[in-house]
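The values are calculated or read from the model by the stated rules, or taken from the named source; none is laboratory data. Predicted, not measured: the structure shown is a model, and the values here were computed from it. Please note: Cβ atoms are built from the backbone with ideal geometry, for glycine as well, and neighbour counts cover all protein chains shown. What goes into the accessible areas is simple: the full protein's heavy atoms, side chains included, and nothing from ligands, DNA or RNA. Shrake-Rupley method; radii C 1.70, N 1.55, O 1.52, S 1.80 Å.
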Amino acid sequence: MKDKLQNIVSEALSQINGSEEMERLNEIKVAFLGKKGELTSILKSMKDVAPEERPKVGQMVNEARVEIEQKLEEKKAAFTKKLKEEQIKRETIDVTLPAKKVATGHRHPNTIALEEIEDFFVGMGYEVVEGPEVEYDYYNFEALNIPANHPAKDEQDTFYINPEIVLRTQTSSTQVHEMEKGKLPIRMIAPGRVFRSDEVDATHSPSFHQVEGLVIDKNVTFADLKGTLQEFAKEIFGEDTKVKFRPHHFPFTEPSAEMDVSCFKCGGKGCRFCKGSGWIEILGCGMVHPHVLEMSGINPDEYVGFAFGVGLERIALLKYEIDDMRLLYENDDRFLEQF
Ligand code: DAH
């Protein structure tokens, strides 16, 4: 009997030792200690044992059970520990690894420049409005004092939809829409896309953007125009920026001027950036022509105004020292990522 017990125990222990996973331990437990297990069957055969031997055999069986149970517990604990260790290893985070780069979008240089321009003028009480890109010839030309056969029409190579409808060549057309509304005074800027049948090169594109400005009120003077645009230039190009107004001609303003800013690269001494002159042209402007006011139903004896038009791409290119306009339209990530 003793030998039999001994064999059962050593068989159980060797199976426990040899087991490779937790589930196996349960099977072993059932096989040796379960209702139909080997130890139990020995207890069942107690009736064959002499009565005086029974307590001793009973004790031996119990000891055998305790030994197997202990071994099972030990092995279970070892498995649990191993599993825990593996889990910790699996879940370890190496904090020294470089982080994954999250690709974020960037604002387009045009957008950045436009938002700066809008912020400045909105801060001065201007409204931001939009006009149509497909426009009657009347709004794009005639109402702006550019009648048929006027040479200015040739200067802006126009895309015609039909003889009366064009893709607007300038945001100045929005001036007319605003004036026609009949609500005075007016303080507005009108950003938007314009179209000209130009070949693509470093400084030209058949589609680009302008920001138009218009102020109509009583007692507006050229000094107001100058002051406003001077502050605008400082806002965009820096506090030290100087401005210069050169006489020019636009059909819809009288007098008209072009505004130059002192070169922010060389401070006005002359460099490659400003082509040696120290100045960079940035916009056209002037006092709204009385004829233009009249055509849109505003009495030029009562109201006066000033207007200006600035090329958005030009501002963006200058601000970021970009030397080819095409970069603004190609949507190359490597370019856009820099802003
Ligand atoms: N529309 C003109 C252009 O495209 C720019 C311009 C000049 C707009 C003078 C104005 C202005 O409002 O007063 O060349």
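Structure data summary
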item	result
Criterion: within 11 Å of the ligand (Cβ to nearest atom) and open to solvent by 70 Å² or more (accessible area, probe 1.4 Å) - qualifying residue of GLU330, GLU254, GLU321, GLU294	GLU254
Close pairs from segment 9-20: first in the same structural domain as ASN62 (by TED's automatic domain parsing), partner open to solvent by 60 Å² or more (accessible area, probe 1.4 Å), Cβ under 6 Å, at least 6 apart	VAL9/GLU67
Scope segment 238-251; condition assigned to a loop (DSSP other than H, G, I, E, B) and either within 10 Å of the ligand (Cβ to nearest atom) or out of contact with any strand residue (DSSP E or B) (no Cβ under 6 Å at 6 or more places or on another chain) (or both); matching residues	GLY238, GLU239, ASP240, PRO251
Subset of segment 132-162 (residues that are among the small types (Gly, Ala, Ser) and either at pLDDT 95 or above or surrounded by 14 or more Cβ atoms within 10 Å (Cβ to Cβ) (or both))	ALA143, ALA152
Single match in LYS75, LYS71 (criterion: open to solvent by less than 100 Å² (accessible area, probe 1.4 Å), outside the structural domain of ILE186 (by TED's automatic domain parsing) and touching a Ser or Thr at 6+ places or on another chain (Cβ under 7 Å))	LYS75
Top-ranked residue of segment 258-291 - restricted to ones that are outside any strand (DSSP E or B) and touching a strand residue (DSSP E or B) at 6+ places or on another chain (Cβ under 6 Å), ranked as farthest from the ligand (Cβ to nearest atom)	GLY268
Qualifying positions in segment 163-178 - open to solvent by less than 10 Å² (accessible area, probe 1.4 Å), over 32 Å from the mean Cα position of the chain (by Cα) and over 17 Å from CYS285 (Cα atoms)	VAL166
Segment 86-105, residues that are closer than 22 Å to GLU337 by Cα and open to solvent by less than 80 Å² (accessible area, probe 1.4 Å)	GLY105
Contacts under 9 angstrom Cβ, first residue in segment 181-203 being open to solvent by less than 50 Å² (accessible area, probe 1.4 Å), partner within 13 Å of the ligand (Cβ to nearest atom) and basic (Lys, Arg), 6 or more apart	GLY192/ARG168; VAL194/ARG168; PHE195/ARG168
